[in-house]
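Engineer: Have a look at this one before I ask anything.
The values are calculated or read from the model by the stated rules, or taken from the named source; none is laboratory data. All of these numbers come straight from a predicted model, not from anything done at the bench. With ideal geometry, Cβ positions are generated from the backbone for all residues, glycine too; neighbour counts draw on all protein chains shown. With ligands, DNA and RNA removed, areas are computed over all heavy atoms of the protein, side chains included. Shrake-Rupley method; radii C 1.70, N 1.55, O 1.52, S 1.80 Å.
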2 protein chains.
Amino acid sequence: MTDIQIAQQAAPLPIGDIAAACGIDPQYLEQYGRYKAKIDYRLLRDRADRPDGKLILVTAITPTPAGEGKTTTTVGLTDGLRKIGKNAVAALREPSLGPVFGVKGGAAGGGYAQVIPMEDINLHFTGDFHAIGAANNLLAALLDNHIQQGNALGIDCKQIVWKRCVDMNDRQLRHVIDGLGGRMQGVPREDGFDITVASEVMAVLCLASDIPDLKARLGRMIVAYTFDGRPVTAHDLKAEGAMTALLKDALKPNLVQTLEHSPALIHGGPFANIAHGCNSVTATRMALKLGDYAVTEAGFAADLGAEKFFDIKCRLSGLRPSAVVIVATVRALKYHGGVPKAELNRENLSALEKGLPNLLHHVGTIRNTFHLPCVVAINAFPTDTAEELRLVQERCRELGVNAVLSEVWAKGGEGGRDLAREVVRLCDQPRLEEFTFAYPDNTSLIYKLNSIVGRVYGGSQAVLTPAAQKQLKRLTELGFGDLPVCMAKTQYSLSDDPALPGAPRDFTVTVRSLKVSAGAGFIVAYTGDIMTMPGLPRVPAAENIDVDENGVITGLF
Amino acid sequence: MTDIQIAQQAAPLPIGDIAAACGIDPQYLEQYGRYKAKIDYRLLRDRADRPDGKLILVTAITPTPAGEGKTTTTVGLTDGLRKIGKNAVAALREPSLGPVFGVKGGAAGGGYAQVIPMEDINLHFTGDFHAIGAANNLLAALLDNHIQQGNALGIDCKQIVWKRCVDMNDRQLRHVIDGLGGRMQGVPREDGFDITVASEVMAVLCLASDIPDLKARLGRMIVAYTFDGRPVTAHDLKAEGAMTALLKDALKPNLVQTLEHSPALIHGGPFANIAHGCNSVTATRMALKLGDYAVTEAGFAADLGAEKFFDIKCRLSGLRPSAVVIVATVRALKYHGGVPKAELNRENLSALEKGLPNLLHHVGTIRNTFHLPCVVAINAFPTDTAEELRLVQERCRELGVNAVLSEVWAKGGEGGRDLAREVVRLCDQPRLEEFTFAYPDNTSLIYKLNSIVGRVYGGSQAVLTPAAQKQLKRLTELGFGDLPVCMAKTQYSLSDDPALPGAPRDFTVTVRSLKVSAGAGFIVAYTGDIMTMPGLPRVPAAENIDVDENGVITGLF
């Protein structure tokens, strides 16, 4: 059965029942249809004295075309924890609409470890991303209108850094010239569109603690520079009030359920390269108030997702993780070991041995850099052999880490019992070391970059191009030197070269440019061309999506 | 008090109570927060045998800067009908997001005749317009992707007629060149954006009877022409299934309440120039199944809104109106009589006499062309004098029509009792004539154009430019000659010259181009430059909108 068929066979409970079961009073619940609800953030204020649960981060090895299954594991672990009697709540990212119609499809877990209603979650859900797009585009319209109406702020059209966005894979909009058509039709200039999830508004929403913080962050966002080099912010355009009005409901976390009726908060989904790639701080906080275990995920592999989860999300919010799950598949490790995609179904211990260093590197980072207990979740495939599994477990054990078979895709929470037990054990064991960031606050941007490259990627150092050095100087002068760094690096390698799988050593990482996301509160370091507007493939997934007369969707995967 | 202050002081009932009071079983209700809900269209199927209520159309005189108050009157009449013991339901258009931040502000009625929650209704509401935008932009992305991937259909880039859209007033996007940046970044071409409400998807959604009809209409939409002149449709791009998936919830009418807890269905809002300007057929049908009186509105004045309501919406759906309300204000009639805006507060009977022909013309059209009973609703202003009101009533009575003072803005339903009683009387009186379209089916496009100009506008005939004549020939060859006509004409005059107020005579209307909206099912006749992407003013309303820490919005009007 396909994911959507499994999802459509499920008998979801009314969302009010799910809320009641995890202790959410109806006064906090705003239903969106029968199976979705927003939770008022007043719940966080009213529950401030309730102790937080344990925060579990699910991350993964370096992604390959063979797939890992991070969301599936997050959902299955939540169900598994409940199977063994623990009060667990998942906190996940919302899928982006664009990729649903492209190659990637949806992102609501898979097999018997899914969140439902998967069609809604993958399409408009509760409208959060549309609200973000509208706020982003209102700011853009106000910016160009300001210029058209006389440009009192002295904005340099060649230094506009704010782009419009659509939640669609639309390469045609990557590079445009707009404002054409004459004097009354705007000001001609080079421009471009991003996909909505790449908007700084998304990162801001995911890091904001409440409405005043959201508004202040939106106001700080830089949209352009003046002819004499001063930054122009959303506040200068008097935009943040109206933008916050557009976002006031989007700031509220969304509650849904897993196939097994476990509560799942799904909220926000910033890019994991130019932004930090985690669900919202409000959703994670809420999961910690509702559950004794809050299971959350971060984008891409541990070098990007987990590093940003710790160094950006945890640092800026005060959240502190208790344990980490690193998801791997035998197939993906063999791919890292050089096996082509077509031959991944055959046992190949020597390729596996060759690919294992990638997993072991991520394990080492979590343990030695961030000082967190971790477990490796081997997301099971039918083609995995006993010898292959044994080899992964043996190599992990040599590092003092258990590798547990996770069969949540095939069996749901039942297949996640072992993983759940190991996670509970990690949380219960006495901690010998304190959680540590990859770099302390109050260090220079260079120090931060070198720390990430050296202590997280396994490289030697960061090398800045002359352009990046100039930007570093300027950003420091503008007062942004104290912000944490958000690395925009390829997800396909620990290095900045996507062709280098496994666990490369002795490499440098070239930082080509540095930009500030002043509202989100980090400096983005670009190590290569980062695509912020995907395209559609030759045969888009959209061609196979359909709806019957009763509104039942097919072809979504 | 401002509209938003009045709205925020109201104590709305839970939307489930509103639904229950008008007999909607909970199984059909999908809540969106506490005070909004979508109604499943299965209700229409399950209630097929319940006789329909009476359909009341609210239209207006030719708009002036003095304002008329169509939505206010529609809401107040609904409340007034309920005050006199009638089961009335309103069916309204959803406001567009863009104008909320520009000059116009919101569109949820005014004073004590509003629908609430007005902030939600004016901002994202239940996400319908975002869904329409996403469906529109998915089609655009699929179209350009098709060309990028080899252009198997042979689409001529210079004959692409499908635009992207945003729900924002953004003049910078009116004329753009996109697809720049090299071989992998799309195909460079001239392009442009419309505001979402101008998308054909909006018109299609508002005319579709159910999901199969919606899908079929979407599939028929023409997006481009090939090098050899054949139309390329959304179906050719295999787009209609995924578009329908995006729109399946947007097709469900939204239920809210008036300040006095009357039920109001708010659903859809196509442009009233390049489209037909009425709320959805599904919402109107539902209002007729739920109420004994369904009160609805149409865009602009009777020449555009009412004509299209009858000749497009009623013709294509089978809906049949029982009576018409024509809204006028003394101030607006004086403006038509030549009084400048600053002097409208002073009594001026001769200017009023000079402006009255505009009202009387619309009354005449409703009675003599469409053969419907009508009442004039004088939307009261404190500056109206007794003599002015008497003059309007006298002139209307000469045409056999009553003019009733409507004080719903100041008094809510209480101020609409007289209007409600007159509407009931019109519906109850024996009908001497049958409702008639402005032109019958199976007439030529020229005949239809001349009928509208002659029988609705009071002009002599339509004159086609050579370009329009060529297009007429081509559209007829393509098989679209049988479709009704949708006039894209200035709303500021009965003629095609916006500078001609009152009731001009002996004018011709120049049709400059003809385009088919093959999915909606009409031919758009352009009589001038029609703006389908508004701009922001020097001081956008957005600058004054704000939200406090509890999510309470201010500055929205």
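Engineer: Seen from all sides and averaged, what is the projected area of the convex hull of the Cα atoms in chain B, in nm²? Before the final figure, lay out each step's value.
Structural biologist: Details: hull surface 100.9 nm².
The directionally averaged projection comes out at 25.2 nm².
Engineer: What accessible area, summed over both chains, is buried at the A-B interface (1.4 Å probe, Å², nearest 100)?
Structural biologist: Numbers: alone 21890 and 21860 Å², together 37570 Å².
In total, this chain pair buries about 6200 Å².
Engineer: Amide H neighbours of B:Ala377 under 5 Å, at least 5 residues apart or on other chains, H built in the peptide plane: list them.
Structural biologist: B:Ile326, B:Val327, B:Ala328, B:Val404
Engineer: What average number of partner chain Cβ atoms lie no more than 10 Å from the Cβ of the residues making up A:303-310? Walk me through the numbers on the way to the answer.
Structural biologist: Details: counts 0, 0, 0, 0, 0, 0, 0, 0.
Average neighbour count from other chains, rounded to a whole number: 0.
Engineer: Next question, about the same structure. Accessible area per residue, 1.4 Å probe, Å², for chain A: what's the number? Intermediate results must be reported in sequence, preceding the final value.
Structural biologist: Details: 18790 Å² over 557 residues.
I get 34 Å² per residue for chain A.
Engineer: Please give me, ordered by residue number, the trypsin sites (Lys or Arg not before Pro) of region A:1-86 that lie in loop per DSSP and have at most 14 other Cβ atoms within 10 Å.
Structural biologist: Details: sites: A:Arg34, A:Lys36, A:Lys38, A:Arg42, A:Arg45, A:Arg47, A:Lys54, A:Lys70, A:Arg82, A:Lys83, A:Lys86; in loops: A:Arg34, A:Lys36, A:Arg47, A:Lys86.
The qualifying sites: there are none.
Engineer: With θ set to phi - 60°, apply the Karplus curve 6.51 cos²θ - 1.76 cosθ + 1.60 along region B:132-138 and write out the HN-Hα couplings as whole Hz, x wherever there is a Gly or Pro.
Structural biologist: 5, x, 5, 5, 4, 7, 5
Engineer: Could you state the number of Å between the C-alpha centres of region A:1-80 and region A:395-415?
Structural biologist: Here the answer is 21 Å between Cα centres.
Engineer: Which lysines have a Cα less than 17 Å from the Cα of A:Lys489, not counting those fewer than 8 places away in the same chain?
Structural biologist: A:Lys489 reaches A:Lys308, A:Lys448, A:Lys515.
Engineer: Further, regarding this structure: For A:Thr226, list long-range residues whose amide hydrogen, built 1.01 Å from N in the peptide plane, is under 5 Å from its own amide hydrogen.
Structural biologist: The list, which skips near neighbours in sequence, is A:Asp156, A:Val232.
Engineer: Measuring from the lowest to the highest alpha carbon on each principal axis, how far does region B:405-557 reach, largest first, in angstroms?
Structural biologist: 60, 50, 33
Engineer: What is the distance in Å between the Cα centroid of region B:513-544 and that of region A:321-374?
Structural biologist: For region B:513-544 versus region A:321-374, the Cα centre distance is 56 Å.
Engineer: Next up: Checking the a/c ratio against 1.5 first, then a/b against b/c, what shape does the Cα gyration tensor give for region A:219-340? List each step's numbers first, then the result.
Structural biologist: Working: a/c = 2.46, a/b = 1.43, b/c = 1.72.
Verdict is oblate for region A:219-340.
Engineer: Something else: Between A:Ala410 and B:Lys158, how many nm apart are label points set 7 Å from Cα along the C-beta direction?
Structural biologist: 6.1 nm
Engineer: Here's another thing I want to ask about it. Quick one: of the DSSP bridges fully inside the protein assembly as shown, what percent are antiparallel, nearest 5?
Structural biologist: Details: 60 of 134 bridges.
If I count the DSSP bridges inside the protein assembly as shown, around 45 percent turn out antiparallel.
Engineer: Go ahead and run the numbers for FRET between B:Ser513 and A:Val539, Cβ-Cβ distance against an R0 of 35 Å, rounding to 0.05. Let's see the in-between values first.
Structural biologist: Details: r = 36 Å, r/R0 = 1.02.
Taking R0 as 35 Å, the efficiency between B:Ser513 and A:Val539 is 0.45.
Engineer: Continuing with the same structure: Anything over 26 Å Cα to Cα? Flag those among A:Lys70/A:Lys341; B:Lys36/B:Lys248; A:Lys38/B:Lys163, in the order listed. Please list the in-between numbers first.
Structural biologist: Working: A:Lys70/A:Lys341 20 Å; B:Lys36/B:Lys248 17 Å; A:Lys38/B:Lys163 34 Å.
Pairs exceeding the cut-off: A:Lys38/B:Lys163.
Engineer: What list of ³J(HN,Hα) couplings, whole Hz, do you get for region A:193-204 from phi and the Karplus terms 6.51, -1.76, 1.60, once you set θ to phi - 60° and write x for glycine and proline?
Structural biologist: Karplus values, whole Hz, x for Gly and Pro: 10, 9, 6, 3, 5, 8, 5, 4, 4, 4, 4, 4.
Engineer: So who's got an amide H within less than 5 Å of the one on B:Tyr492, skipping anything under 5 residues away but keeping other chains? H placed 1.01 Å off N, in plane.
Structural biologist: none
Engineer: Can you list the chymotrypsin sites (Phe, Trp or Tyr not before Pro) in region A:214-276 that are in a DSSP coil and have 16 or fewer other beta carbons within 10 angstrom?
Structural biologist: Numbers: sites: A:Tyr225, A:Phe227, A:Phe271; in loops: A:Phe227, A:Phe271.
Sites meeting the loop and neighbour criteria: A:Phe227.
Engineer: If you don't mind, another one. Calculate how many DSSP beta bridges within chain A are antiparallel, expressed in % of all such bridges and rounded to the nearest 5.
Structural biologist: Values: 29 of 66 bridges.
In chain A, approximately 45 percent of DSSP beta bridges are antiparallel ones.
Engineer: Inter-copy label distances at A:Leu13, 7 Å along the Cα→beta-carbon direction, one decimal in nm, shortest first?
Structural biologist: 3.1
Engineer: For region B:478-538, what class follows from the C-alpha gyration tensor (a ≥ b ≥ c being the square roots of its eigenvalues): rounded when a/c is under 1.5, otherwise prolate if a/b is larger than b/c, else oblate? Display every interim value, and only then the final one.
Structural biologist: Details: a/c = 2.83, a/b = 1.32, b/c = 2.15.
It comes out oblate by the Cα gyration axes.
Engineer: May I pose another question? How far apart, in nm, are two points set 7 Å out from the Cα along the Cα-to-Cβ line at A:Asp49 and at A:His371?
Structural biologist: Placing both labels 7 Å along Cα→Cβ, they lie 3.2 nm apart.
Engineer: May I ask for the net charge around A:Tyr112, where only other residues with Cβ less than 11 Å from the Cβ of A:Tyr112 are counted and Lys, Arg are +1 while Asp, Glu are -1?
Structural biologist: Spelling it out: positives minus negatives among the neighbours equals -4.
Engineer: With loop defined by DSSP as not H, G, I, E or B, and exposure as at most 13 other Cβ atoms within 10 Å, which is the longest segment of chain B clear of exposed GluC sites (Glu not before Pro)? Don't jump to the answer; show the numbers that get you there.
Structural biologist: On the way: sites that count: B:Glu433, B:Glu434, B:Glu549.
It works out to B:1-432.
Engineer: Mind checking A:118-126 for the average number of partner chain beta-carbons within 10 Å of each residue's beta-carbon? Don't skip to the end; give the middle numbers.
Structural biologist: Numbers: counts 0, 3, 2, 0, 1, 8, 10, 1, 5.
Across the residues of A:118-126, the mean count of other-chain Cβ atoms within 10 Å is 3.
Engineer: Please give the average number of partner chain Cβ atoms lying within 10 Å of the Cβ of each residue in A:533-543, rounded to a whole number. Don't skip to the answer; put the middle values down first.
Structural biologist: Working: counts 1, 0, 8, 8, 2, 5, 3, 10, 1, 13, 6.
Average per residue, whole number: 5.
Engineer: Rounded, prolate or oblate: which fits region B:48-182 when a ≥ b ≥ c are the square roots of the eigenvalues of the alpha-carbon gyration tensor, with rounded for a/c under 1.5 and prolate only if a/b beats b/c? Don't skip to the answer; put the middle values down first.
Structural biologist: Details: a/c = 2.97, a/b = 2.06, b/c = 1.44.
Verdict is prolate for region B:48-182.
Engineer: Rounded to whole Å, give me the distance from the Cα center of region A:189-218 to that of region B:161-198.
Structural biologist: Their Cα centres are 22 Å away from one another.
Engineer: Put simply, what bits of region A:246-263 lose 10 Å² or more of accessible area when the other protein chains are there, versus the chain on its own (1.4 Å probe)?
Structural biologist: Going by heavy-atom accessible area, the residues of region A:246-263 that drop by at least 10 Å² are A:Leu246, A:Lys248, A:Asp249.
Engineer: Separate question: When only C-alpha pairs under 8 Å and at least 6 residues apart count, what is the relative contact order of region A:52-159, in percent? Don't skip to the answer; put the middle values down first.
Structural biologist: Values: 70 pairs, mean separation 22.0, N = 108.
After rounding, I find 20 percent.
Engineer: Can you list the copy-to-copy distances for B:Val161, using a point 7 angstrom from Cα toward Cβ, in nanometres, shortest first?
Structural biologist: Inter-copy label distances (nm, one decimal, shortest first): 4.4.
Engineer: Treating the point 7 Å from Cα along Cα-beta-carbon as the label, what are the nm separations from A:Ser513 to the other copies, to one decimal?
Structural biologist: 3.6
Engineer: Using only Cα atoms, figure out Rg for the protein assembly as shown and give it as a multiple of 2.2 N^0.38 Å. Don't skip to the end; give the middle numbers.
Structural biologist: Numbers: Rg = 30.7 Å, N = 1114, 2.2 N^0.38 = 31.6 Å.
Here the Cα radius of gyration is 0.97 times the empirical estimate.
Engineer: From the C-alpha coordinates alone, can you work out the Kirkwood hydrodynamic radius of region A:98-159, in Å?
Structural biologist: Working: mean 1/r = 0.0676 Å⁻¹.
Every distinct Cα pair counted, the radius reaches 14.8 Å.
Engineer: With axes computed from alpha carbons, what is the tilt in degrees of helix B:70-83 against the longest principal axis of chain B, rounded to the nearest 10 within 0 to 90?
Structural biologist: Once rounded, the angle reads 50 degrees.
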